1. Quick one: how many residues across region 129-169 are surrounded by 23 or more Cβ atoms within 10 Å (Cβ to Cβ), farther than 23 Å from PRO88 by Cβ and in contact with an Asp or Glu (Cβ under 8 Å, 6 or more places away or on another chain)?
2. Do you know which of the residues in region 45-72 that are free of Cβ contacts under 8 Å to residues at least 24 places away in the same chain and among the aliphatic types (A, V, I, L, M) is nearest to ALA34 (Cα to Cα)?
3. Only one of ALA208, ALA222 is of a type outside the set (D, E, K, R), within 17 Å of the chain's Cα centre (by Cα) and assigned by TED's automatic domain parsing to the domain that holds ASP102. Can you tell me which?
4. I need every pair where a residue in region 8-26 that is farther than 19 Å from PRO37 by Cβ has its Cβ under 6 Å from the Cβ of a residue that is of a type outside the set (A, V, I, L, M), sequence separation at least 6 or different chains.
5. Yes or no: region 158-166 includes at least one residue that is in the same structural domain as ALA220 (by TED's automatic domain parsing), farther than 25 Å from LEU216 by Cα and in a strand (DSSP E or B).
Amino acid sequence: MTFLELKKSLTERFSQAGFEAADLEAHYVVCEAAGIPDREFPLHAHEQLASGAQARAESFTVRRLKNEPWQYIFGHAPFRDLELEVGPGCLIPRSETEYSIDLMLDGLPRGASVCELGAGSGAISLALASERPDLTVVGIELSPDAMKWAKLNLKQLALPNVTFLHGDLFAPVAGRKFDLIAANLPYIPEGDRDKLPPNVRGYEPEEALFGGADGLDIIARALEQSSSFLNPGGRVFFELDPCNADRAFELASKSLREPALLKDQYGAVRYLTAKR
């Protein structure tokens, strides 16, 4: 069977299963199974696939038809210029979080210290440290399952300016202060559970998704504590659900100054920033 024949066959299966982007799903599966970059598919379209690649493609397809995220199936996800290893137990990095890195780095002084709350796969900490080797970055994660992925990615990338610590919010860094506190903490309201696509609610860890009734349980605690861990002039940068951004703004106003809400690349109010 050629690359193109397999892609056509898989496209039909994905289409019959109700996948909107059936052709793209099939394209991802064939390229990953064959070990080629997406853009090189036309170069191999009429070549015969090895039996091992066909077997991998079938395994990937069966899992994907059950709505498992392709990042978990393939074991990796792109983030900025990095390729991160991901799997069950950690949140899959999103494009909105990629975009936030530019906003975090804007105006961040050389040699600054950064603390990331809820590090997950380590995406934010590793991207900041990779793009700004002058920074000192500490990532904190409560979930042992997620911490496994963060440390694995750190080992793969061998960045000397990143440390990951296990604990709840600021507990592992008591007495320390930072120039930037970054966070992509759970922010989805519990009542929105059924609104999430099946690949999210059925596979990604609940503790990384849901933040209580209004989505702000953990964020509220983090904002309240943040001023004690910021250097003078330091700032926080939190990712939010657009539906609770105004409430997060109010919470930040109680303990921090100059709170502001920023939009993501799609025009949605997605981020909160404020200063000590």
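1. Going through region 129-169 one residue at a time, the tally reaches 1.
2. Within region 45-72, the match that is nearest to ALA34 (Cα to Cα) is ALA53.
3. Answer to the selection: ALA208.
4. Pairs that qualify, where the first residue is farther than 19 Å from PRO37 by Cβ and the partner is of a type outside the set (A, V, I, L, M), are THR11/ASP23; PHE14/GLU25; PHE19/GLU25; ALA22/THR11; ALA22/PHE14; ALA22/SER15.
5. yes
The values are calculated or read from the model by the stated rules, or taken from the named source; none is laboratory data. Please read these numbers as outputs of a predicted model, since none were measured by experiment. Note that each Cβ is placed from the backbone with ideal geometry, even for glycine, and that neighbours are counted across all protein chains shown.
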